[in-house]
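Heads up: the structure comes next, in structure tokens.
The values are calculated or read from the model by the stated rules, or taken from the named source; none is laboratory data. Worth saying up front: this structure is predicted, and the values here are computed from it rather than measured. A quick note on method: Cβ atoms are made from the backbone with ideal geometry, for glycine too, and the neighbour counts reach across all protein chains shown. The area values use the complete protein model at the heavy-atom level, side chains included, leaving out ligands, DNA and RNA. Shrake-Rupley method; radii C 1.70, N 1.55, O 1.52, S 1.80 Å.
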Amino acid sequence: MTRSRLRDLPGQARRRVLADLREDPYLPYVLLLAVVLCGFWIWHRAPNFATRDEKSRILDVLVAYGRVLEEPSLAALREGVTWSRVPFGATFYLFGLALLPVVLAAAVLGDLEAVAALGVPSYEFGFYAAWQSVPAWIWTWSIVLVRLANVALSVGCVYLTYRIGAAAFDRRTGDLAALLLTLTFGFLTIAHEGGEDMPALFFVLLALYLALRYVQIGDETLVLVAGAAGGVAIAFKLTAVPVVPLIGLAFPLRARRADRPWHAALASLAEPGTLRTIVASALAGLLCIVLGFPTALVGAPDLVLERVFVDPVARATHTTGPDAPIWWWFLRGYLSALSIPLLVAGIGGVLASVLAIIPGLRGRENGRDGALLVLALLGTYLLLFSQWHDFRVHHLLPTFPLVALLLADRLTALEASRPAIARPLMAVLLVTAGGYAVVGVGGYADMPRDQAEDWLLENAEPDATVETYRVDFQDTAIPYELSASPVAQPEGIGTDPCPDYIQLGYRDLLYLVDDTYYRNGARQHRYIRSLLEEEYNYEIVAEFGPRPPNYVPDRAEPGSARDLLRYGVVPQTDQYADEQELAANQYTIVLERTGSCPADRDPPF
């Protein structure tokens with residue numbers, strides 16, 4: 001490898017993209033569709049946040065900016081970088097760049113002092129005081145710019161899926177795989193939030209493509225850059241670690257290209273030249289991981305070590321959902337993300353791909369190396385998540401393009417042999433998956449919490465207070481312009497003993513469900529039911545979103561496959577823990593005070 005070869009790679013990549021756009025008549029339309037679906041109504045919930053992670057990552061960056069603006073010094077920078085609840089990695093750099101125009105605009109408009117005054121925010125009610133202390137436009141544009149960066153990376157993932165398919169199989173397979181990914185609703189939901197999931201996926205796919213090209217042409221520069229890309233992916237999200245064995249697999253696959261059997265290919269890894277390349281690729285990845293954590297650069301290596309070696313172990317056993325067989329969590333996540341038709345087809349495509357590569361594994365055939373790399377990466381991800389107590393759609397995100405690639409390969413192979421079967425099957429699959437995705441994405445234009453905020457702004461007095469029982473304002477539909485009265489976390493904020501409005505959400509209604517895994521309590525159950533029956537001089541004046549039967553959330557029974565079927569038919573269903581909350585989770589009730597506040601009203605939260 002030479003430095004000139006490295007310098008050539010960006011230009012080579014640019015030429016490759018332009019050539020694909022010029023030579024493939026379908027690719028520009030697939031990418032345009034991805035831009036439209038990923039970017040539709042991208043400003044939803046702003047100036048509030050789509051997820052707690054989105055809020056945390058944006059606040060992390062603004063606090064760092066604020067500390068340096070208030071006290072320009074290395075000590076202030078270190079404090080600004082290390083204060084957050086978890087020292088997340090490369091997302092800090094990405095969001096730092098995305099928010100730079102907002103900080104510059106704040107300087108021009110005279111609002112920079114609000115950023116500098118953030119200091120070290122207090123956690124009460126999800127950093128509510130910090131949110132209120134900064135002008136709403138700063139939050140809105142920070143959220144929009146972060147999400148636009150995510151949209152750009154999402155479209156990049158669609159292109160990389162195409163490029164992998166074209167390199168491993170042919171352009172038609174690449175087109176179909178990219179289209180299937182674009183019509184995957186779980187992929188589109190992650191595109192509608194700021195976070196580390198999509199950037200990590202982009203670099204995982206980049207590493208996969210570079211590893212594949214190394215296997216095909218033997219350019220050592222490509223596998224070194226693949227190692228670096230894998231390191232960046234891990235710096236964004238530690239669950240990208242399956243990229244490590246993926247790159248490792250590329251070396252024996254390349255050795256088999258010299259007509260060697262498996263045992264000889266594995267033995268060749270000890271040869272000085274190959275061993276040197278393996279070590280160099282690993283070191284490139286390790287360097288990118290270390291540099292990807294800003295806490296390492298400001299002299300806090302202990303936080304990096306804790307994040308890398310302690311947190312992943314804790315996450316595997318951390319309970320964020322009910323006890324259920326792991327297959328139930330896989331089925332729940334994939335049904336919600338893919339829809340029933342796409343999931344059934346995806347399973348068939350994966351199984352058919354396994355059968356297709358078996359002859360090559362037994363002999364010296366190497367024409368299926370691309371499929372083998374994709375299958376190996378998919379299998380490693382599934383093995384990783386199978387060790388967890390529970391997981392959600394955003395964890396499964398890296399597997400969506402892999403399933404799309406394998407399914408597209410088998411569909412195009414079927415089309416070549418039996419077009420009368422394959423083409424109607426493709427049409428049905430694209431129509432059903434597309435309908436599921438379009439309906440799901442269209443829901444962003446009419447989300448319950450956005451509706452509730454609009455209603456309150458139109459009907460409530462400017463000095464009205466809204467009582468809530470959530471511990472984080474991100475879970476509520478309280479407008480930025482009104483005052484929240486958070487009963488569950490009043491410290492440092494204050495509560496109104498006789499608020500103008502009370503707001504109940506989906507999570508509050510979970511107290512009405514018997515024997516839930518998390519929200520249980522007879523007092524809370526009675527109090528919520530009393531509010532719904534309009535006691536305490538509060539009456540229901542507005543509801544937003546689909547009302548659960550008798551206000552009792554109807555979640556799937558843990559371990560029941562039958563209950564999960566509706567998750568593959570209705571795109572915006574309920575989610576657990578820190579997953580983006582869609583229409584079902586955003587159900588909101590607004591109650592207005594109709595008289596004096598009775599003395600016996602004592603919210604048990």
remark   = Taking 0.36 nm per residue of separation between I347 and W83 and subtracting their Cα-Cα distance, the length gained on full extension comes to 90.7 nm
query = Counting Lys +1, Arg +1, Asp -1, Glu -1, what net charge surrounds P101 among other residues with beta carbon under 15 Å of its beta carbon?
reply = 0
message = How far apart, in nanometres, would the label points at V431 and D454 be if each is projected 7 angstrom from Cα along the Cα-to-Cβ direction?
response = 3.2 nm
key: Cα-based shape type of the stretch 76-127, given that a ≥ b ≥ c are square roots of the gyration tensor eigenvalues and the cut on a/c is 1.5   = oblate
ask   = Relative contact order, percent, of the stretch 452-556 when contacts are C-alpha pairs under 8 Å separated by at least 6 residues?
value = 23 percent
key: Shape of the stretch 448-593, Cα gyration tensor, a/c cut at 1.5   = prolate
task = Could you do me a favour and compute the accessible area per residue for the chain, 1.4 Å probe, result in Å²?
result = 40 Å²
task = Treating the angle as unsigned and between 0 and 90°, give the value, to the nearest 10°, between the Cα long axis of helix 369-386 and the longest Cα principal axis of the chain.
result = 30 degrees
ask   = Restricting attention to the stretch 337-435, which chymotrypsin sites (Phe, Trp or Tyr not before Pro) occupy a DSSP loop and are surrounded by at most 10 other Cβ atoms within 10 Å?
value = none
inquiry  = For the stretch 1-80, which chymotrypsin sites (Phe, Trp or Tyr not before Pro) pass both filters: DSSP loop (anything but H, G, I, E, B) and at most 13 other C-beta atoms within 10 Å?
reply    = none
The chain: Rg to Rh, with Rh as the Kirkwood radius over Cα pairs = 0.99
note = Here the percent of antiparallel bridges among DSSP beta bridges lying wholly in the chain, to the nearest 5, is 65 percent
query = So which GluC sites (Glu not before Pro) in the stretch 497-605 end up in coil per DSSP with only 12 or fewer other C-beta atoms within 10 Å?
reply = E533, E534
query = What FRET efficiency would be calculated for the residue pair D302, V354, taking the C-beta separation as r and a Förster radius of 35 Å, to the nearest 0.05?
reply = 0.20
query = Using r as the Cβ-Cβ distance of E71 and V35, and R0 as 51 Å, what FRET efficiency do you calculate, to the nearest 0.05?
reply = 0.80
ask   = Expressed as a whole percentage, what fraction of the accessible surface of the stretch 1-43 belongs to carbon and sulfur atoms when a 1.4 Å probe is rolled over the protein heavy atoms?
value = 65 percent
remark   = For the stretch 448-593, the accessible surface attributable to carbon and sulfur atoms (probe 1.4 angstrom, ligands and nucleic acids excluded) amounts in percent to 44 percent
query = Put +1 on the Cβ of each Lys and Arg and -1 on the Cβ of each Asp and Glu in the chain; which of T319, H525, I164 then has its Cα farthest toward the positive end of the dipole?
reply = I164
ask   = To the nearest 10 degrees, how steep is helix 448-459 against the longest Cα principal axis of the chain, on a 0 to 90 scale?
value = 30 degrees
query = Does the stretch 323-439 classify as rounded, prolate or oblate by the C-alpha gyration tensor (a ≥ b ≥ c root eigenvalues; a/c under 1.5 gives rounded; else a/b over b/c gives prolate, otherwise oblate)?
reply = oblate
ask   = Helix 419-442: angle to the longest alpha-carbon principal axis of the chain, degrees 0 to 90, nearest 10?
value = 30 degrees
ask   = Full extension from R418 to L286: what is 0.36 nm times the residue separation minus their Cα-Cα distance, to one decimal in nm?
value = 42.8 nm
query = Tell me, what is the 1.4 Å probe accessible area of D60, in Å² to the nearest 10?
reply = 20 Å²
Sequence of Y123, Y538, Y551 when ordered by accessible area, the most exposed leading, probe 1.4 angstrom = Y123, Y551, Y538
Packing-based order for 112-121, 262-271, using average beta carbon neighbours within 10 Å, highest first = 112-121, 262-271
